[in-house]
Amino acid sequence: MSYIDGNGAFQSTDDDYDFGQSYPAEGYAPEVYNSGEVAPAAANAAAPADRPMTSIKAAGFTAGGKPQGAPGATRPPAPALVKKADSSPEAAARELEKKVNQFIEESAIASSQGQHKLALEKAKEGVKKEKQLARQREQNGILDVMNLELTYAVYFNLANQFHKNGLYQEAISTYNLIVKNKQYALGGRMRVNMGNIYYEQKKYPAAIKQYRMAIDQIPNTAKDLRFKIMRNIGNSFIALGQYQDAVQAFETIMESSGDYRSGLNLVLCNFALGQIEKVKTSFGLLIGIRNQSKHDRERDEEEQEANADAEGDSAVAPNDSLRQEIRERYPAIRVAQ
């Protein structure tokens, strides 16, 4: 604060305005530093004495001195992806379908290895799982995705395993479940298997009935299958001693395509009936089978390779039952080619 004293002199006092500033003493000459240098006092004032160390990871650097993602920098392995569990009703149905298919496969494998009891147990387990699957779909209202092929397969396998275990009545009942369901497009063909079961039980009239019902449901284009069933019908009539009916079945086969077994049976049936002229006619049909379709020739060639005799003659005719009979009766006679 400045004022004029009693003598008229100008005076100044800074007591009220002392801000703690220290003034250099008289004769003080400040040190001069070159450009870029910092005075010691300024350097000490700029950096605190106990400054804590900071992390460099926020800038993307690692302890090795290389930023993450730079060439040569090591990156930690990414965590494995975890598949989100699907707990929807559709997912549960798919899991049950897998289990049903697994039981069917295990049953088929056991059956092929001759373990028929084990195959039957697996088949029954497959049916139980399929019923559980049907209930689960019904409860969750997803009947629109019903797998009819799976249901068909599981019951067909069960019937087949019943048959192989000699449980004929159970097999027939299971096959009936298939043939009575109109949703199965090929269900009618199961009547052939039902006919085979009746044939094994020597219930030939029931077998013939099933074979004929099967033929009615097989299209005319499936000629090979129709003729095989017709042959079964002829064999059933032979077992019953009804040779005239058997002749009709075998003549139907021989007039359309013909095969050696049916031709030989036709000859024998006519011979049993004492119809000599028909024996000659049917024998002519038998020896004329060589003029057959390409498909039949290829099939006979495969049989020829599989049944070539011990001499290794690759040019022999198909090893049909008639030629085999001649070889057994007259071993010294070579069948004409």
Near pairs, Cβ below 9 angstrom, 6+ apart or cross-chain, from the range 111-123 (over 19 Å from Ala153 (Cβ atoms)) to any residue that is assigned to a loop (DSSP other than H, G, I, E, B): Lys117/Asn165
Set Glu277, Glu302: member being acidic (Asp, Glu), modelled with pLDDT under 90 and open to solvent by 60 Å² or more (accessible area, probe 1.4 Å): Glu302
Subset of the range 143-154 (residues that are touching a residue at least 12 places away in the same chain (Cβ under 8 Å), open to solvent by 40 Å² or more (accessible area, probe 1.4 Å) and out of contact with any Asp or Glu (no Cβ under 8 Å at 6 or more places or on another chain)): Met146, Leu148, Tyr152
Matching residues in the range 212-243 - criterion: being over 26 Å from Phe271 (Cβ atoms), open to solvent by less than 50 Å² (accessible area, probe 1.4 Å) and β-branched (Val, Ile, Thr): Ile215, Ile218
Counted residues, the range 123-142 - those being loosely packed, with under 15 Cβ neighbours inside 10 Å and not in a helix (DSSP H, G or I): 2
Considering residues of the range 178-211 that are surrounded by 17 or more Cβ atoms within 10 Å (Cβ to Cβ) and modelled with pLDDT under 90 only, the residue nearest to the chain's Cα centre (by Cα): Tyr184
Condition met for Ile218 (in contact (Cβ under 8 Å) with a residue 12 or more places away in the chain, part of a loop (DSSP other than H, G, I, E, B) and either charged (D, E, K, R) or in contact with a helix residue (DSSP H, G or I) (Cβ under 8 Å, 6 or more places away or on another chain) (or both)): yes
Leading residue by the ranking (modelled with the lowest pLDDT) among those in the range 246-259 that are crowded, with 20+ Cβ neighbours inside 10 Å and of a type outside the set (Asp, Glu): Gly258
Subset of the range 103-122 [open to solvent by 80 Å² or more (accessible area, probe 1.4 Å) and charged (D, E, K, R)]: Glu105, Lys117, Glu121
Long-range neighbours under 9 Å by Cβ, at least six apart or interchain, first residue touching a residue at least 40 places away in the same chain (Cβ under 8 Å) and at positive phi within the range 254-278, second of a type in the set (Asp, Glu) and open to solvent by 30 Å² or more (accessible area, probe 1.4 Å): none
Residues of the range 258-291 satisfying the condition of being among the aliphatic types (A, V, I, L, M) and either farther than 15 Å from Gln242 by Cβ or part of a helix (DSSP H, G or I) (or both): Leu264, Leu266, Val267, Leu268, Ala272, Ile276, Val279, Leu285, Leu286, Ile287, Ile289
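The values are calculated or read from the model by the stated rules, or taken from the named source; none is laboratory data. Since we're looking at a predicted model, the values are computed, not measured. Positions of Cβ are backbone-derived with ideal geometry, glycine not excepted, and every protein chain shown enters the neighbour counts. Note: accessible area is taken over every heavy atom of the protein model, side chains too, but ligands, DNA and RNA are not part of it. Shrake-Rupley method; radii C 1.70, N 1.55, O 1.52, S 1.80 Å.
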